[in-house]
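Derivation of every value follows stated rules applied to the coordinates shown; laboratory data play no part. All figures in this text were calculated on a predicted structure; none of them were measured in a lab. Every residue, glycine among them, receives a Cβ derived from its backbone with ideal geometry; neighbour counts consider all protein chains shown.
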Amino acid sequence: MLKSKLNVLTLKKEPLPAVIFHEPEAIELCTTTPLMKTRTHSGCKVTYLGKVPTTGMQFLSGCTEKPVIELWKKHTLAREDVFPANALLEIRPFQVWLHHLDHKGEATVHMDTFQVARIAYCTADHNVSPNIFAWVYREINDDLSYQMDCHAVECESKLEAKKLAHAMMEAFKKTFHSMKSDGRIHRNSSSEEASQELESDDG
């Protein structure tokens with residue numbers, strides 16, 4: 001009897017499974033902890049379709065449809081059947097990382113970094129394909145001029161594209177609150193402009 005009770009006590013001391021937190025802050029802390037040295041890149045495997053310049057300063061619903069169609073046509077002409085994922089898209093609180101993959105599907109040293117504060121718009125709602133996630137990014141040139149580029153990726157499913165849109169919205173919120181607390185956004189019209197600039201449309 002005593003032995004069985006000791007066994008029960010021993011079982012209770014077994015490590016519990018990791019708790020899944022629902023708060024965005026907790027999720028970000030778990031996925032970015034530096035203690036996990038063997039962690040592989042946490043992100044979504046995608047096919048990077050490329051980028052095209054886009055015009056305008058007001059980005060409303062449907063503004064990425066035309067550039068996405070252009071990128072999609074180039075993509076479908078280039079592939080024979082099913083084009084494998086060539087990148088890993090990782091959305092972090094203040095940056096978006098696009099890890100390029102080699103032919104074995106392994107991450108290479110080449111990575112594109114996008115500052116969330118310079119992303120003007122994103123959406124996972126496209127008529128050409130529900131699996132496409134796109135964002136409009138303000139690219140700063142060497143002469144300090146800038147241009148707006150529309151980037152697009154093809155996800156494995158519509159759900160994955162929607163998840164990226166929601167993750168980007170959380171990154172928008174964290175970036176906006178950080179800029180506001182740092183004094184880079186003031187409590188006047190500039191804050192309204194900044195909140196309008198960091199828009200997301202997940203369909």
Sequence ranges 168-180, 54-66, ranked by mean other-Cβ count within 10 angstrom, highest first | 168-180, 54-66
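How big is the C-alpha Rg of the stretch 98-184 next to the rule-of-thumb value 2.2 N^0.38 Å, as a ratio?
The stretch 98-184 yields a ratio of 1.24.
Beyond a 32 Å Cα-Cα separation, which of these cross-linked pairs lie in this structure: K51/K173; K74/K174; K73/K174; K74/K180; K51/K104? Spell out each step's value before the answer.
Numbers: K51/K173 25 Å; K74/K174 35 Å; K73/K174 35 Å; K74/K180 40 Å; K51/K104 24 Å.
Too far apart for the 32 Å limit: K74/K174; K73/K174; K74/K180.
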Distance (nanometres) between label positions extended 7 Å along Cα→Cβ at E139 and Q95 = 1.9 nm
So what J values fall out for the stretch 147-161 if you push phi through Karplus, 6.51 cos²θ - 1.76 cosθ + 1.60 with θ = phi - 60°, rounded to Hz, Gly and Pro as x?
-> 9, 9, 10, 9, 9, 9, 10, 9, 8, 6, 8, 5, 4, 5, 5
Can you list the trypsin sites (Lys or Arg not before Pro) in the stretch 47-127 that are in a DSSP coil and have 16 or fewer other beta carbons within 10 angstrom?
-> R79, K104
Report, by chain and number, residues whose modeled amide H sits under 5 Å from the one on A87, excluding near sequence neighbours (fewer than 5 apart, same chain).
-> V46, Y48, L101
So if we plug the beta-carbon distance of Q58 and V109 into 1/(1 + (r/R0)^6) with R0 = 41 Å, what FRET efficiency do we get, rounded to 0.05?
-> 0.60
